[in-house]
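Let me begin by presenting the structure, written as C-alpha cells, before commenting on it.
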Protein chains: 2
Amino acid sequence: MRLAPLLFAPLLPLLLLALPATAAQPTRIPDAALATAAQLRDRALADDTGWAVTESLTTEVGPRLAGSEADARAVAWAQAKLRALGFDKVWTEPVTFPKWERRSETAEVLGPHAQKLAVAALGGSPGGIVAAPVVRFADLEALERAAPGSLAGKIAFVDYRMQRAQDGHGYRMGSRVRGAGPSAAVRAGAAAYLMRSAGTDSHRVAHTGITRFADGLTPIPAAALSAPDADQLARLLALDPATQVRLALDCGWTGDYTSHNVIGEITGASRPDEVVLIGGHLDSWDAGTGAIDDAAGIGITMAAAKLIGELPQRPARSIRVVAFANEEQGLHGGFAYAKAHAGEIAQHAILAESDFGAGRIYGFDAGNIAAHASGAIGQIAAVLEPLGVAWLPGKGDAESDIGPYAQAGAAWAWLGHDGSDYFDLHHTADDTLDKIDPQALAQNVAAYAVFAYLAAQADGDFGSAPRMPEATGR
Amino acid sequence: MRLAPLLFAPLLPLLLLALPATAAQPTRIPDAALATAAQLRDRALADDTGWAVTESLTTEVGPRLAGSEADARAVAWAQAKLRALGFDKVWTEPVTFPKWERRSETAEVLGPHAQKLAVAALGGSPGGIVAAPVVRFADLEALERAAPGSLAGKIAFVDYRMQRAQDGHGYRMGSRVRGAGPSAAVRAGAAAYLMRSAGTDSHRVAHTGITRFADGLTPIPAAALSAPDADQLARLLALDPATQVRLALDCGWTGDYTSHNVIGEITGASRPDEVVLIGGHLDSWDAGTGAIDDAAGIGITMAAAKLIGELPQRPARSIRVVAFANEEQGLHGGFAYAKAHAGEIAQHAILAESDFGAGRIYGFDAGNIAAHASGAIGQIAAVLEPLGVAWLPGKGDAESDIGPYAQAGAAWAWLGHDGSDYFDLHHTADDTLDKIDPQALAQNVAAYAVFAYLAAQADGDFGSAPRMPEATGR
C-alpha cells in the first residue's frame, strides 16, 4: 500500500506542486467578496457556534472510538447537528474498516520494587499477558539494530523523548516509534513492546494511537507508558538490569464495522456542483473525549460553514463540511471519500482539514495549486493576516483525511494551528473540553470562514486535477 | 476524639502561645553556631542528598499505601537509608491502625450519553455498586441543607471548586468537602457520594484522601471525580437532570495492621537526651509514588540531619529524624509518637515537619514558644533570610504528624513551602518525582539544616512543656 507512510506520519508535508502552466486566466477573487470576507471574519470572532458544537460533541457523545457503540451515536449526532445548523443538504457515505477493541490494560513492575505502571495499549495491538525482563533502547534506531532473536523472552522498551514544537514536527519521530517500533521488536524476537508515550506532557496518562505490524510478522502486545512511568522504568532498569514487567492487555481486532462520513453542504448559488471542502474527523480515541482531536475540527468547520450560510447570499460554490469516519486507525474516512469521489477531483475547488487542535492558527499555505491560481491564494492570505495568520509557502501539508484526495490531485490549503501544547493532550485521557480556549477557537472559525468563503467566490479554479489515480484505491 | 478536626484540616494554624513569663534567661544562639549555620546553608544548596533520598524512596519503593505490602518495604528502606547516611542511632516504634484497601473503582454515565468517568474512591469508603440519578450541589453547605431522606435512591454530587493559593488555604474547604461531605450525604439519605476532587489541576487524575463517617451513620460508597469529569457531569446534568451514574467501588477496611515510625538520630555532643525533631511521613497514597507527599519531606529532613552529622563536631542536642507511619489516614504515626513520648515533651526542644511538598520555602514561624525564646527564633530567622525565607509571625502551623505532640505542649516551627502547585498533584497519580525541582529541594534542605542545627545549638529552651495531656491519647 503505497500510502502507508501517511498512516504514521500525517504531518509530513506533501510537496506544493506548481502544475504545468496553462493558458488559463489568472484566478481572482472579486473585491466585493474580499469585503464580505472581512465582515465574516469579524463576525466569527464574536460568535460562539464553534464552541457550542465542540461542547455538544464532547459532552453528549463523549469518547467515540471508531467501531464502538459511540461511533453510531456520533454519526447520528453529526447529522442532527448539521440539520440544526441550517445546512442545505445532509447525507452520509459508508466507511467500512476493521474494528479494534480495548477492553483492559495493566502493567506492573515485578519483584522487590513492585509497583503499577500507567499504560495504554496501542491501537491494533493484540491482547496477551507477558511477564519478562525489559531491555531499554534510547531510540528506535537502537532497537532496529538489535540482532534477530536477541530479544527472545524479553520486552523491548523504546524510551525516546519526543520534542515539543509549534508545528508538531517532533511527532514525525514520535509516531514512527509507535508505528514501526512494534515490528522492529518482533524482528528482534521480543515477546512484547513498550514505548515512552509519543507526547510532551508529564502526566500519568499514556498516549495511545494506531500501530500496524509489517506483513508476515506475528503481532505482539504493544503499549505506551506515560512519561513519568517511562522515567520510572528507566530508573529501575538502571538500578537493576534484570527488572521484570508484567504487561496484560485485553484488546484486539474483532471483524469489520461500517461507519459513515457525515457530510453537510451549504449549496452554492451559481456553481453548486463545485465544492470547497472543509472538515475534521468525527471519531476519537477512547480515553478522552476527543476535544482537540478532533471535536475542535468538527466545531470549527461546521461553524465556519454555518456563518457563511447566514450571509445574505449563498457563495458561488458549495461549501461542504465532512465529518470523516475513523481517521485514527488509518484515515479510513479519507480514503473512502477519495474513492467515492474519485471522478470528481476537478469539481473540488480546494480542500482543508482542521485536525491539529484548537490553538491559534498562525500559518497559511496551499498545495497542488496551479500557477494561475497563486494570486488568489495571496488574496486569501491578505484577509487572513489580521487574524495573526502568516502566509508560509512550503510550510504546510494536507492534513489527515484530505491527504488521499490531495495525493490524487485536489488542491489543498493548510491553516496551521499552534500545536505547542497539542502533544500534551493528544490521544490521552486529558483530551477534554477544558483544554480549549474559546477565544482561540473563535479565531480558528474566523480563519476557516474566510478561507472557505473566498475560495467559494473565486473566479477561476485552484488547480485540482487528477493525478496518480491509483492512490485513491486501497 | 477531640483532635478529630486535625484529620481533615491539618493546615489550620495552631495558635502561637506566649506561655507565662518565667525568670528564665533569654535563650540565645552562640555567634559561632550562627557562623557554622551560614556555612551549612551554603553547603546544602550545593548538595544533592535530598534529591537522592527522594529519588530512592519514590523509585525503589514507589507507592506505599499504609498497610500495603509496600508499607513494610518502606519501613525497611527507611532504616537502611538512615544507616547508609551515617545516622548514629536508627530504630523503629510500632504504629497500629485499621487497614484500608483499594481494589478497584469505576464510574460511568448511563443512558444516551454513556461514557466512563475518572474516579478515585475516598480512603475509608466502603465498597459497593450504585446506579442512580445524580443530584448536584454547588458546595458542601448546599448538601448540608438537604432535608433528611430527600436524596433517597440518589447519588449526591458536591461540585465545589477548590481555590489555588501559595499557602494552600483552599484545602481547608476542599478537605471538608471530602471529610464531611459523605456524612452529609448519608444524613440526606443518599446511596452514594461523589465530589469534584479537592485539587487545582485540570487532568484526568482524581484526588483521593481520607474520609470518615460520623458515628452512628451507615457508610456509603464515596469517591472523587477528576476536575474534567466533574465539569462533564455538571454539563450532562444541565442537559438532563435525570442523568444516571453507575459507581462501582471495591475497597474497604480489612482489620488492623502494625507499621512503624522509623527514627534516626544524630546524637548530640553535650545534651544528647534533648532533641530537635524534624521529619516527614513515610506512607503515601497509592496512585502516585508520593513524591511531593511526602518523599520530599523524608528526603529534606534526612539530608538536613546528614549534613549536620558531617560537621566537624556534633551539635549540642540530638537531631532526630522521624519518618512517620500512616499520616494519610489520620496522623496515626504522629499520635503514636505523641503517646510513646508523652513524658518527654520538655526534652523535645522544638519540632518541625516537612509535609507540604518541595516548593521553595518562603516563610518561617514558630509556636508554643516561651517569651524568653523569642529572640532565638529571630536569630534563626536571620540565618534563613538569605534563602528567601521571611519570618511571618502568626502565619504558620504545626504540620501534620507533629500536630498531636505540639498540641500536647511541644514547641514547633513552620518552614512554609510555596504550595501554589501542590494541589495540582496532591493525592493523585501525578505525584511523581519529575514534579520536583532539584534546586528548590536543595533550598528546602538548606532551610531545614539551618533551623535544626541552630535549634540544637541554642543555649536555653524554646518553651516545650506539657499541657492538655489528654490530647496525646486517642
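Pull up the DSSP beta bridges for chain A and report the antiparallel fraction as a percent, rounded to 5. Counting DSSP beta bridges with both partners in chain A, the antiparallel share is about 60 percent. For the range B:315-474, the pair-distance distribution built from all alpha carbon pairs, in bins 5 Å wide starting at 0, is 2, 9, 17, 21, 21, 16, 10, 4, 1, 0 percent.
Compared with the dominant principal axis of the Cα atoms in chain B, helix B:374-384 is inclined by about 80°. Taking the C-alpha atoms only, the angle from helix B:69-84 to the longest principal axis of chain B is near 20 degrees.
Looking only at the protein assembly as shown, where both bridge partners belong to it, what percent of the DSSP beta bridges are antiparallel (to the nearest 5)?
60
Across chain A, the mean sequence separation of Cα contacts (distance under 8 Å, 6 or more residues apart), normalised by length, yields a relative contact order of 25 percent.
Accessible surface comparison of B:Leu392, B:Leu249, probe 1.4 Å, protein chains only, largest first: the order is B:Leu392, B:Leu249. By the rule of a C-alpha distance below 16 Å, with chain neighbours fewer than 8 residues away ignored, the aspartates and glutamates paired with B:Lys99 are B:Glu69, B:Asp71, B:Asp250, B:Asp256, B:Asp283, B:Asp286, B:Glu327, B:Glu328. Centre-to-centre, using Cα atoms only, the range B:109-164 and the range B:348-371 are separated by 37 Å. Across the range B:338-372, the residues whose backbone nitrogen lies under 20 Å from the label position 7 Å along the beta-carbon direction of B:Asp459 are B:349-350, B:370-372. Sorting the segments B:219-229, B:263-273, A:137-147 by their mean number of nearby beta carbons within 10 angstrom, highest to lowest, gives B:219-229, B:263-273, A:137-147.
Shape descriptor for the range A:118-159: Rg over Rh equals 0.97 (Cα atoms; Rh from the Kirkwood inverse mean 1/r). In percent, rounded to a whole number, the relative contact order of the range B:182-339 is 23, using alpha-carbon pairs under 8 Å and six or more apart. Within the accessible surface of chain A, defined with a 1.4 Å probe on protein heavy atoms only, the carbon and sulfur portion equals 55 percent. As a quick test, which of the pairs A:Lys116/B:Lys116; B:Lys81/B:Lys395; A:Lys116/B:Lys435 have an alpha carbon distance above 26 angstrom in this structure? Beyond 26 Å: B:Lys81/B:Lys395. Summarising the strand pairing of the range A:100-254, around 60 percent of its internal DSSP beta bridges are antiparallel. When the alpha-carbon atoms of the protein assembly as shown are used, the pair Rg, Dmax equals 31.3, 108 angstrom. For the range B:100-254, the Stokes-Einstein estimate of translational diffusion at 37 °C and a viscosity of 0.692 mPa s comes to 218 µm²/s, using the Kirkwood hydrodynamic radius over alpha-carbon pairs. Treating the Cα atoms of chain A as identical point scatterers in vacuum, please give the log10 of the normalised Debye intensity I(q)/I(0) at q = 0.09 Å⁻¹, two decimals. With no solvent term, the Cα-only Debye profile gives -0.57. Look at the alpha carbon pairs under 8 Å that are at least 6 residues apart: their mean separation over the length of the range B:100-254 gives a relative contact order of 39 percent. For the range A:228-277, a decrease in accessible area of 50 Å² or greater in the assembled protein chains relative to the isolated chain, with a 1.4 Å probe, applies to A:Arg235. Taking a ≥ b ≥ c as the square roots of the eigenvalues of the alpha carbon gyration tensor, the range A:327-407 is oblate, as a/c is not under 1.5 and a/b does not beat b/c.
If you take the accessible area of A alone, add that of B alone, and subtract the area of the pair, what total do you get in Å², probe 1.4 Å, to the nearest 100?
Approximately 2300 Å², summed over both chains.
Pairing the Cα long axis of helix B:227-239 with the longest principal axis of chain B, what angle in degrees results, from 0 to 90 and rounded to the nearest 10? Roughly 30 degrees between the two axes.
Shown for the range A:419-438: residues covered by the partner protein chains by 10 Å² or more of accessible area relative to the chain by itself (probe radius 1.4 Å), namely A:Ala429, A:Asp430, A:Thr432, A:Leu433, A:Asp434, A:Lys435. Between A:Ala138 and A:Asp48, the simple spin-label model (points 7 angstrom out along Cα→Cβ) gives 5.1 nm.
The values are calculated or read from the model by the stated rules, or taken from the named source; none is laboratory data. Small disclaimer: the values here were computed from a predicted structure and weren't measured. Reconstructed Cβ throughout: ideal geometry from the backbone, glycine too, with neighbour counts over all protein chains shown. Heads up: the accessible areas ignore ligands, DNA and RNA and are worked out on the full protein's heavy atoms, side chains in. Shrake-Rupley method; radii C 1.70, N 1.55, O 1.52, S 1.80 Å.
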